[in-house]
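One structure below.
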Amino acid sequence: MSELEFRPRFRFRTPLAAEDVVARVRGHQAGERGPRAGGTGNHLTLRFPANLRRSWTPEMSIDVEPDAAGSRVRCLIGPASGIWMMFVGGYLFWSFVAIVGIALGASQQTLDGTPWGYWLILPAAVGSVIMFGMVQEGKRRSRDDMRTLKRFVDDALGCDCIRLADEQDDF
């Protein structure tokens, strides 16, 4: 995975101990506009400062596991949990509207009535397509922030993490 894509995941081994990885990421400073590390134990979350976050701004989840040769680092860049849940809820809503439309239309058709319930499928389809377009636009707008998060980890750990992950495909 040499290119950052939507919700990229990468993992790699490092000779650093898990505590050192966590300390380096927590202690790394990226300026006022850079991400901040939060989290507990060996799980970290990189987020941008609240005044710089937009609805499409991603965050990075980092899990560090102790290993015999140092530690394993697993990273995932994705949308903030609130935005993620908003889209999941939206898709569930439009799915529910479509299912109600199908059930209502089929019932009306069975009873030899006018099956106007099928018309609910149309707004469900349009709503889903609009949401899909919003997702694509959010992915486009988040590219630079995703690169910033990746550079933050690279600078903190002193490696090109995605290249290292590509070289260490063994776990």
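No lab work stands behind these numbers, since they all come straight from the coordinates. Model, not experiment: these values are computed from the prediction. FYI the Cβ positions are ideal-geometry reconstructions off the backbone, even for glycines, and counts take in every protein chain you see.
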* **Distance between modelled label sites at Asp63 and Met86, nm, 7 Å Cα→Cβ extension** => 2.7 nm
* Asked: Shape of the stretch 1-79 from its Cα gyration tensor (a ≥ b ≥ c, root eigenvalues): rounded if a/c is under 1.5, otherwise prolate when a/b > b/c, or oblate?
  -> oblate
* May I ask for the longest run of the chain untouched by trypsin sites (Lys or Arg not before Pro) that are loop-located per DSSP and have at most 13 neighbouring C-beta atoms (other than their own) within 10 Å? => 55-171
* Quick one: Trp119, Trp94, fewest Cβ neighbours within 10 Å first, how do they rank? -> Trp119, Trp94
